[in-house]
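The values are calculated or read from the model by the stated rules, or taken from the named source; none is laboratory data. Because the structure is a prediction, the values reported are computed rather than measured. Cβ sites come from the backbone with ideal geometry, for glycine too, and all protein chains shown count toward neighbours. Side chains are part of the model used for accessible areas, which takes the heavy atoms of the whole protein and leaves out ligands, DNA and RNA. Shrake-Rupley method; radii C 1.70, N 1.55, O 1.52, S 1.80 Å.
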Amino acid sequence: MPLTTAQWHMTTISLSQEAINFPLRWGLPHVNDTREEANCQEVGKLNSSLRCEFIRNTSDCSNNNGYVDYLDGAFCSFPPPLLPMAIFLYALWLLYLFIILAVTAEKFFCPNLSAISRTLRLSHNVAGVTFLAFGNGAPDVFSAVAAFSDSRTAGLAIGALFGAGVFVTTVVAGGIALVKPFTAASRPFLRDIVFYMVAIFLTFYVLYRGYVSLPDVLVYLLLYFAYVLVVVLSTWVYRRMRHQLSSGPILDEPELLTDTEEDSIPTPHGSEYGDEYRPLLPLQHTTWQIMWHGINPVDARKWRQKRWPWKILKLFKVPIEILLLLCVPVVDPDREDRNWQRPLNCLHVITSPLLCLLCLQSGTYASYLIQGVLPVWGVFLLIGIPLSLIIFFTTKNGEPPKYHCIFSFMGFITSALWISTAATEIVNLLRTFGVVFCLSNTVLGLTLLAWGNSIGDFVSDLTLARQGYPRMAFSACFGGIIFNVLIGVGLGCLLQMGRSNTELQLEAQSLLVWVLAGGLGVSLVFSLIAVPLQCFHLRRGYGIALLFLYVLFLVVALLTEFGIIKLENS
């Protein structure tokens with residue numbers, strides 16, 4: 001029965017009163033605009049008995065992606081007195097997720113990228129600024145894409161990209177100068193730092209404006225392609241000049257390493273023990289022995305030689321390594337058999353597509369029914385099992401097939417989706433920490449996420465410096481993060497725009513974001529001025545100054561986060 005005019009007005013008044021009383025029901029301060037959604041961080045102001053209901057009924061606390069609802073687990077699965085235990089377990093899981101990122105990138109993602117670059121016959125320069133940069137920056141890029149997928153966590157992406165930039169250009173670069181004083185390559189340094197400053201200025205402009213448009217995204221991507229083009233052209237010009245002056249002395253040091261220097265660098269695919277342990281005659285393994293060696297991540301000889309800290313860390317890595325060895329193929333161009341493992345590679349034809357399917361939209365696509373009868377994962381099995389049997393019976397153990405390079409593309413896609421999945425879980429966990437401790441996403445990005453994603457760069461670059469390659473390590477500090485910013489922001493925003501939406505709104509940025517951008521700008525300007533003034537001879541004083549800049553930046557950022565430093569009108 002249709003409502004009368006009087007009943008309609010009474011219903012409208014009742015609904016309006018209910019909307020007004022909504023904040024009071026949760027114990028939240030009354031707001032003038034009743035249409036404004038409650039902030040998830042307001043849960044800390046409630047009585048412990050009301051927090052679970054608030055989390056489950058507030059849209060800002062909902063988790064649209066990821067496998068685990070960490071907020072619901074912290075406030076609903078654990079009793080209020082055990083909340084510290086939940087946070088402790090989450091912290092351990094966060095640490096393990098960073099280990100997963102490192103293992104996947106180092107042992108599966110990067111080797112397959114190297115194999116793809118060799119298959120496509122790319123030069124060292126092009127491979128270095130494209131595939132190698134993608135391999136080194138995979139955690140940063142995928143974390144940025146995952147964070148940009150939700151406007152509530154976009155601050156994580158900005159904080160992580162800027163925070164990692166400050167960390168790498170100060171702590172890592174300063175550590176290299178402290179470990180091994182050296183003479184920097186002038187042209188690559190000036191080229192990289194100028195491009196990086198342009199990328200940061202573009203990001204600063206986007207933050208100031210408050211939204212990202214499609215032309216902005218195209219500028220990000222085109223700027224990176226321009227950087228690749230400049231690298232290739234400058235190397236071609238340098239090689240041509242060196243060829244013309246080959247009869248005379250060359251005063252400037254080469255931008256790239258010579259062939260002998262490149263050969264002297266230890267590669268991750270080379271033999272770890274030299275020719276001493278190589279068998280005189282090739283060993284013929286059975287199919288089951290090949291399968292066992294393929295899924296066994298522990299080398300008995302290496303296990304006996306290592307110390308107990310390495311062994312403990314290895315025990316944590318073993319479960320994830322076994323899972324990835326069963327699902328992700330790895331092609332190694334440096335080995336004679338290109339890492340062809342017939343039974344394991346045939347199994348990869350089945351497991352690799354299934355893992356990709358489980359990584360898409362947190363596995364929701366896998367459960368879809370075709371015609372209401374057959375699930376999608378069943379279709380993958382029906383296709384994968386016969387194809388695997390065909391490959392098994394048409395190949396031999398010691399002879400890789402001609403199409404073996406296809407497995408590198410399969411391994412690249414699978415490991416990339418796996419890294420993206422782990423990055424999404426990291427973003428969700430950090431957002432949970434922000435809600436529990438009332439911290440902004442920006443400060444979590446510039447600390448935990450930036451440190452976790454940059455620790456690999458810190459270890460690898462300092463190791464290169466100790467081994468006598470400080471120029472290479474120093475160039476990686478400025479060259480790698482250009483890819484992270486331009487592709488991380490550009491690709492992350494582009495994937496969220498869709499067909500109809502050509503703009504991506506950003507949340508109102510706090511003073512902390514401008515402190516973060518200013519800190520990165522100060523570090524870049526300092527290096528741009530200090531390095532040429534030293535005639536590119538970087539000494540320990542330069543490294544100490546960079547470390548002091550990072551400590552000062554971190555102190556100012558934390559004081560800003562906790563409200564000690566604030567604007568007068570705020």
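Side notes on the structure shown:
- Accessible area, probe 1.4 Å, largest first, for residues 389, 382, 547: 382, 389, 547
- Cα gyration tensor, the stretch 512-570 - rounded (a/c under 1.5), prolate or oblate: prolate
- Global form of the stretch 357-487, assessed from the alpha-carbon gyration tensor, a/c cut-off 1.5: oblate
- Whole-percent carbon and sulfur share, accessible surface of the stretch 313-427, 1.4 Å: 72 percent
- Rounded Å value of the spacing that divides the Cα centres of the stretch 211-226 and the stretch 312-376: 34 Å
- The stretch 303-388 - Debye-derived log10 I(q)/I(0), Cα point model, q = 0.25 Å⁻¹: -1.16
- Summing charges over neighbours of residue 43, with a neighbour being any other residue whose Cβ is under 12 Å away from its Cβ, gives -1 when K and R count +1 and D and E count -1.
- Per residue, the accessible area of the stretch 296-404 comes to 60 Å² when a 1.4 Å probe rolls over the protein heavy atoms.
- Gyration tensor verdict on the stretch 306-351 (Cα atoms; rounded if a/c is under 1.5, prolate if a/b is larger than b/c, oblate otherwise): oblate
- Area of residue 368 that stays accessible when all protein chains are in place (1.4 Å probe, Å², to 10): 120 Å²
- Residue-level accessible surface for residue 285, protein heavy atoms, 1.4 Å, Å²: 80 Å²
- For residue 85, the accessible area of its heavy atoms, probed at 1.4 Å with every protein chain present, is near 100 square angstrom.
- Alpha carbon Rg of the stretch 156-251, scaled by the compact-globule rule 2.2 N^0.38 Å: 1.42
- Shown are 402, 311, 107, whose ranking by accessible area with a 1.4 Å probe and every protein chain present, most to least, is 402, 107, 311.
- Residues of the stretch 399-429 with amide N under 18 Å of the 7 Å Cα→Cβ point at residue 121: 402-406
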